[in-house]
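A short write-up of the structure that comes next.
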There are 2 protein chains.
Amino acid sequence: MSSADITSNSQTGMIPLQATATNRELCPHNAKISCASCRLNKLCLPIALDNSEIHQLDNIVKRNRPYKKGDHLYRQDDAFESVYVVRSGSIKSYILSDSGKRRVTGFFLPGEIIGMDGIASKIYANSTMALEHSSICEIPFTQLERLSQQLPNLQHHFFAIMGNEIAKDQKIHTLLSSYTAEQRTASFLLGLSTRYGRISLSPTRFLLPMIRIDIGEYLGLTVETMSRVFTALQRKGLIAVNNREIELLDIEALRGIIAAS
Amino acid sequence: MSSADITSNSQTGMIPLQATATNRELCPHNAKISCASCRLNKLCLPIALDNSEIHQLDNIVKRNRPYKKGDHLYRQDDAFESVYVVRSGSIKSYILSDSGKRRVTGFFLPGEIIGMDGIASKIYANSTMALEHSSICEIPFTQLERLSQQLPNLQHHFFAIMGNEIAKDQKIHTLLSSYTAEQRTASFLLGLSTRYGRISLSPTRFLLPMIRIDIGEYLGLTVETMSRVFTALQRKGLIAVNNREIELLDIEALRGIIAAS
DNA sequence: CAGGAATGTTGATCTGGATTAAGATTTGAC
DNA sequence: GTCAAATCTTAATCCAGATCAACATTCCTG
């Protein structure tokens with residue numbers, strides 16, 4: 001690689017992603033921001049609320065200082081206190097099984113809610129860790145329940161959020177129980193694409209916030225297989241990969257891979 | 001097999017299960033029963049409610065006539081109206097993917113709640129079918145929400161039920177993404193054991209309400225593999241299998257299989 | 001209760017992805 | 001800027017479970 005294109009990929013000719021909008025730019029790590037003025041309020045809990053209701057929600061939201069990469073929001077078996085919403089950055093959740101195996105159970109992007117697995121048992125079933133510098137809103141659950149009792153819209157919306165999580169988990173169940181490595185990966189990338197699109201980032205060009213090992217642990221595949229699949233999809237011209245940079249070149253073909261046989 | 005032991009398994013010497021308490025006996029298909037007098041009211045929604053609250057819940061519960069084996073409660077893509085609680089019998093839920101693959105997403109025993117996957121999108125993501133003659137309570141969701149608004153205990157409990165579903169689905173995610181066929185099967189059997197125990201049936205001796213194909217589609221395995229694993233576990237003396245009859249002979253060893261490496 | 005369909009079992013073979021191994025590249029700390 | 005650790009890639013081999021095939025058993029239905 002010559003010094004002239006030191007930041008671009010000479011094989012794919014990809015322009016470095018730094019030049020485009022990023023997660024960071026969209027959501028500055030500004031702890032002072034209120035729900036009413038948050039850019040995510042069309043995605044997050046406020047979506048169903050009117051102004052006075054948003055104000056009440058605002059009063060129970062704790063805006064802690066940003067988490068650094070590798071920081072934990074909470075750990076498996078901690079007492080359940082709060083659910084969390086990603087304001088900027090990204091989070092992974094993972095479980096350590098009895099046998100010591102580590103499995104990633106989810107990735108969370110801005111606007112997405114973390115910690116609902118602890119609601120029933122009052123103990124978190126997962127650990128959750130920041131994948132990069134991230135701002136998080138904390139919502140003490142007891143207060144959220146109390147407020148839901150007063151605001152039918154909030155209760156309704158929170159039921160919907162939990163229902164959505166259940167439907168999503170069932171889709172993953174299907175994915176893991178019968179899809180090939182390539183199909184799982186295509187599905188994972190298309191899922192990220194949709195989620196980035198929702199927060200007004202490019203749905204075809206994004207930076208993976210997680211390492212290959214994490215993706216593998218999420219999809220039930222080894223790192224080596226992840227690497228091979230990325231290479232294969234690139235060779236077929238469906239994606240361009242440069243390290244953590246991903247470009248989806250042929251979304252229809254990716255959908256076709258998932259639908260196959 | 002001689003005519004003398006026509007109903008027992010000459011290899012395992014198992015006494016036929018018909019002689020023990022069954023699902024049917026526990027929960028007669030009596031449509032007249034109220035939540036207050038239902039044997040499941042320590043498991044189901046009433047658990048958190050006082051007498052007057054149970055009465056209000058009772059008023060919104062529809063007790064349809066029993067479903068015959070193979071009947072659908074609802075089908076994938078139907079408009080979401082209600083959640084359902086199994087009173088007696090058993091239900092499976094399944095998804096048909098774009099590619100035509102059928103995957104079982106869950107099994108539901110008495111006291112368990114069905115249909116929460118439709119809450120967010122207002123469309124059921126699964127089809128649900130009775131595995132045997134089953135009685136089901138239907139709870140129109142709009143009315144359940146309205147009542148939850150009035151009864152904090154009910155709201156709290158329903159949040160807990162949904163949280164439990166989320167935690168359970170994540171466990172399955174872990175199971176499917178890294179466990180062997182034998183580990184998945186052991187985990188499945190121990191899970192059933194716990195659930196039968198909860199409804200006061202034997203946790204070590206029960207009748208599988210589903211066929212091998214269904215178990216395989218749930219665990220991401222083929223029928224042939226299911227059959228081989230059952231045979232292997234039987235040979236090791238951990239279980240006794242006679243068609244749909246299962247006896248868990250060594251629960252600790254089954255736990256050990258799951259924990260291994 | 002007879003006969004066909006559905007379900008379950010067992011064996012032989014094949015294969016996708018794991019495992020093992022060895023480098024290459026990137027990242028982060030000093 | 002340098003160096004060690006972390007991450008990623010590629011290749012060779014292996015194996016758990018899929019697939020293919022044949023048959024046994026159980027369940028329905030008339």
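The values are calculated or read from the model by the stated rules, or taken from the named source; none is laboratory data. Remember, predicted model here, so these are calculated numbers, not experimental data. Here the Cβ is made from the backbone with ideal geometry for all residues, glycine too, and neighbour counts use every protein chain on show. Only protein heavy atoms, including side chains, enter the accessible area calculation; ligands, DNA and RNA are left aside. Shrake-Rupley method; radii C 1.70, N 1.55, O 1.52, S 1.80 Å.
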As an exercise: evaluate A:K171 against (1) within 16 Å of DNA strand D (Cβ to nearest atom); (2) under 30 Å from A:I123 (Cβ atoms); (3) open to solvent by 40 Å² or more (accessible area, probe 1.4 Å) and give the number of the one condition it does not meet. (1)
Any idea which of (1) within 12 Å of DNA strand D (Cβ to nearest atom); (2) away from chain A (no Cβ under 13 Å); (3) open to solvent by less than 10 Å² (accessible area, probe 1.4 Å) is the one B:I211 doesn't satisfy? (3)
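When the residues of segment B:151-167 are filtered to those that are within 9 Å of another protein chain (Cβ to nearest Cβ) and open to solvent by 10 Å² or more (accessible area, probe 1.4 Å), which remaining residue is farthest from DNA strand C (Cβ to nearest atom)? Before you say what the answer is, go through the steps one by one.
Looking only at segment B:151-167, we keep the residues that are within 9 Å of another protein chain (Cβ to nearest Cβ), and these are B:152, B:155-156, B:158-167.
Those still in the list that are open to solvent by 10 Å² or more (accessible area, probe 1.4 Å) too: B:152, B:156, B:160-161, B:164-165, B:167.
Values: B:P152: 45, B:H156: 40, B:A160: 34, B:I161: 30, B:N164: 29, B:E165: 27, B:A167: 25 Å.
Out of the qualifying residues, it is B:P152.
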Would a scan of segment A:178-195 turn up a residue that is of a type in the set (S, T, Y), in contact (Cβ under 8 Å) with a residue 12 or more places away in the chain and more than 30 Å from B:S178 (Cβ to Cβ)? no
Quick count over segment A:75-104, residues being open to solvent by 10 Å² or more (accessible area, probe 1.4 Å) and part of a strand (DSSP E or B), is 9
For segment B:111-138, give me the residue count where each residue is in contact with a helix residue (DSSP H, G or I) (Cβ under 7 Å, 6 or more places away or on another chain), more than 9 Å from chain A (Cβ to nearest Cβ) and open to solvent by less than 10 Å² (accessible area, probe 1.4 Å). 1
Which condition breaks for A:T174 when tested against (1) of a type outside the set (D, E, K, R); (2) away from DNA strand C (no atom under 16 Å from the Cβ); (3) without any contact (Cβ under 8 Å) to a residue 40 or more places away in the chain? (2)
Residues located in segment A:94-116, provided they are under 19 Å from B:L175 (Cα atoms) and touching a Lys or Arg at 6+ places or on another chain (Cβ under 9 Å): A:Y94, A:I95, A:L96, A:S97, A:D98, A:V104, A:T105, A:G106, A:F107
